[in-house]
1. Tell me whether region 277-287 contains one or more residues that are modelled with pLDDT under 95, under 27 Å from Val67 (Cβ atoms) and not small (Gly, Ala, Ser).
2. Need the failing condition index for Gln99 against (1) closer than 25 Å to Met226 by Cα; (2) in contact (Cβ under 8 Å) with a residue 60 or more places away in the chain, just the number.
3. Pull out all pairs, ordered by first then second residue, where Cβ-Cβ is under 6 Å, the residues are six or more apart or on different chains, the first lies in region 2-16 and is on the phi > 0 side of the Ramachandran plot, and the second is open to solvent by less than 80 Å² (accessible area, probe 1.4 Å).
4. Is it fair to say Thr103 is closer than 28 Å to Gly294 by Cβ, modelled with pLDDT of 85 or more, β-branched (Val, Ile, Thr) and open to solvent by 60 Å² or more (accessible area, probe 1.4 Å)?
5. Which one is most open to solvent (accessible area, probe 1.4 Å), of the residues in region 263-277 that are part of a loop (DSSP other than H, G, I, E, B) and not β-branched (Val, Ile, Thr)?
6. Considering only residues that are out of contact with any Leu (no Cβ under 8 Å at 6 or more places or on another chain), at pLDDT 85 or above and either β-branched (Val, Ile, Thr) or surrounded by fewer than 20 Cβ atoms within 10 Å (Cβ to Cβ) (or both), which ones fall in region 120-144?
7. Taking the condition among the β-branched types (Val, Ile, Thr) and either assigned to a helix (DSSP H, G or I) or touching a strand residue (DSSP E or B) at 6+ places or on another chain (Cβ under 8 Å) (or both), does Ile280 pass?
Amino acid sequence: MMPTIDDVAKKAKVAKSTVSYVLNNTKSVTPETYNKIMQAIDELGYIPRVAAQSLKTKKSLTIGVIVPEITNSFFTEIIRGVEDVAYENGYNIILCNTQEDKTREAAYLNHLFSRDIDGLIFVSTGKNESILNNNHRLPIVTVDRKVGKLDSAITVNNVKGGYMATKYLMAHYGNEVYMLTGPLSISTYFDRMTGYANAFKEIGIAYDSSMILQCEVSVTAGFETMKRLLKEKPEIKTVFASADIIAIGALKALAEGGKKVGEDVFLMGYDDIDMASMMIPSLTTIRQPKYEMGKSAAEILLNKIKNTAYKSKDVIFEPELVKRQTS
């Protein structure tokens, strides 16, 4: 026979209501009482009935998480931060991977909004703002990419990061810095391009728009775009890729083109995903605090869920230049 909440209360020598406070996180108890209850739960193997808890608290204890590409470790680290906070607070997550596809994203948004989730953490393609605007009832926190007028966004100062990357390359390797970037319709990449442009503006040089090449955010797209650029500009010396995934593809294309990266050509990435330090040569990049962004998003979302009057502000983390072998 499965243990009940009464069994937990009896073993911990506390009232049933006290056990309920701990399980539902509705009232604080002393650390000693909390530990006694958790020990009793562990020893008895008690599993709370989520459906019953949901009826009482009017919460499903579930949040949705939508990301563009789960194979990109930048987003994996964000998810890990979200999941750790959710787990510590007794929440489950429903994870959706849009593959940067507008139609798939719209389907996931509509599906999650039709379910009894308590809130949503969202990394957007930037193409389904109208669906969000029609669902104000649900607490939403956006991460990495801003969406419309939603009031809770967790981002990095990408204008500054784009400026730092470009300025560093200019200072060391000359002013002809080419940029490989994700779609400029996405705020993240537009902001990094703005930082790139600011670096040119600061030294009084107008950059040539042909030096900015847009592509999908993938290793394959980075490889193909760099391969094409190298064919057109075989003398190219300096490249700033606005995502490490793109930079890794570019690194392969340069190597196949007979270029020694870090000697003949200098390459900068952006994100500092795990693979960046493992490449040969290792990738100079702009670091983003990915895990911390996920944690911050989850903490703010849970505050919004638990307190409808909670007013959150955008959180903007600072980028960091990480020097390695490619420049």
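The values are calculated or read from the model by the stated rules, or taken from the named source; none is laboratory data. As the structure is a computational prediction, the values presented were derived from the model and not from experiment. Every residue, glycine among them, receives a Cβ derived from its backbone with ideal geometry; neighbour counts consider all protein chains shown. To get the accessible areas, we keep the full protein, side chains included, count just its heavy atoms, and leave off ligands, DNA and RNA. Shrake-Rupley method; radii C 1.70, N 1.55, O 1.52, S 1.80 Å.
1. Within region 277-287, one or more residues are modelled with pLDDT under 95, under 27 Å from Val67 (Cβ atoms) and not small (Gly, Ala, Ser).
2. Among (1) closer than 25 Å to Met226 by Cα; (2) in contact (Cβ under 8 Å) with a residue 60 or more places away in the chain, Gln99 violates only (2).
3. none
4. Values: closer than 28 Å to Gly294 by Cβ: yes; modelled with pLDDT of 85 or more: yes; β-branched (Val, Ile, Thr): yes; open to solvent by 60 Å² or more (accessible area, probe 1.4 Å): yes.
Yes, satisfied.
5. Quick first cut of region 263-277, residues part of a loop (DSSP other than H, G, I, E, B) only: 263-264, 269-270, 272-273.
The next check asks that each one be not β-branched (Val, Ile, Thr); those that pass are 263-264, 269-270, 272.
Numbers: Glu263: 123, Asp264: 60, Gly269: 0, Tyr270: 0, Asp272: 17 Å².
Once the filter is applied, the top-ranked residue is Glu263.
6. Val123, Val143
7. Working: among the β-branched types (Val, Ile, Thr): yes; either assigned to a helix (DSSP H, G or I) or touching a strand residue (DSSP E or B) at 6+ places or on another chain (Cβ under 8 Å) (or both): no.
Answer is no for this residue.
Results for (1) under 16 Å from Ile300 (Cβ atoms); (2) modelled with pLDDT of 85 or more; (3) crowded, with 18+ Cβ neighbours inside 10 Å; (4) over 19 Å from the mean Cα position of the chain (by Cα), shown as yes or no for each residue.
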site	(1), (2), (3), (4)
Asp42	no, no, no, yes
Gly45	no, no, no, yes
Lys56	no, no, no, yes
Ile63	yes, yes, yes, no
Asn72	no, yes, yes, no
Tyr87	no, yes, no, no
